[in-house]
Structures are given as C-alpha cells and as structure tokens.
Amino acid sequence: MSALDAWLTAQPPWVWHLAAVSLLVLGSAWVVFVPARVVYADAPDRRRWRDLRLWALVIVVPYVLLYWFLR
C-alpha cells in the first residue's frame with residue numbers, strides 16, 4: 001500500500017468525496033481553457049455542438065453532482 005493510500009484510508013469519508021469532486025472540477029476547469037483552435041482543429045465548421053469543451057462539461061457535471069450529493 002502506498003503512502004497516499006494509507007493516508008486516504010485513515011481519513012473520514014468526506015475527505016474522499018472532496019478529493020474526488022476536486023479532481024473532477026480541476027479537470028473540467030483545465031478542459032474549459034483549451035484554445036478554440038485546438039478544439040475545432042479538424043472540424044469542418046465551428047458549430048457550437050462540435051465544441052468538445054461543452055461535451056466534456058455535460059459529461060462531468062452529473063458525476064460531480066452525484067459525488068457531492070450522494071455521500
């Protein structure tokens with residue numbers, strides 16, 4: 001068992017939930033700041049539904065809500 005695993009196991013469950021939600025939120029924040037030129041690199045047009053940043057948020061938000069409210 002690694003030191004991180006041992007430390008997390010010793011913590012109360014709310015710390016685990018906070019860590020999971022924090023990782024999801026930080027990952028989502030990183031995705032939002034990806035430049036549009038990278039997102040639309042091979043897209044034939046710049047329609048809003050092709051923006052992968054929005055799709056990433058649509059996928060992550062339910063997970064954050066589940067982790068946060070179903071502790």
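Read-outs: derived from the displayed coordinates by stated rules, not from any lab. Owing to the predicted nature of the structure, the values given are computational and were not obtained by experimental measurement. Heads up, the Cβs are rebuilt from the backbone with ideal geometry, glycines too, and the neighbour counts pull from every protein chain shown.
Observations
- Sites count as exposed loop sites when they are chymotrypsin sites (Phe, Trp or Tyr not before Pro), lie in a DSSP loop, and have at most 16 other Cβ atoms within 10 angstrom; the longest stretch of the chain without one is 1-32.
- Likely footprinting exposure, ASP5, ASP42, fewest C-beta neighbours within 10 Å first: ASP42, ASP5
- Nearest-ten-degree value, helix 52-69 long axis tilted from longest Cα axis of the chain: 20
- Between SER2 and PHE69, the modelled labels are 3.2 nm apart [label points 7 Å from Cα along Cα→Cβ].
- Ellipticity estimate at 222 nm from DSSP helix runs (n ≥ 4, -39,500 (n - 2.57)) divided over the chain, nearest 500: -22000 deg cm²/dmol
- Here Rg/Rh (Cα atoms, Kirkwood Rh) was computed from the coordinates, and among (i) 1.16; (ii) 0.97; (iii) 0.91 the match is (i).
- Cα→Cβ-extended label distance, 7 Å offset, between LEU57 and ALA19, nm: 2.9
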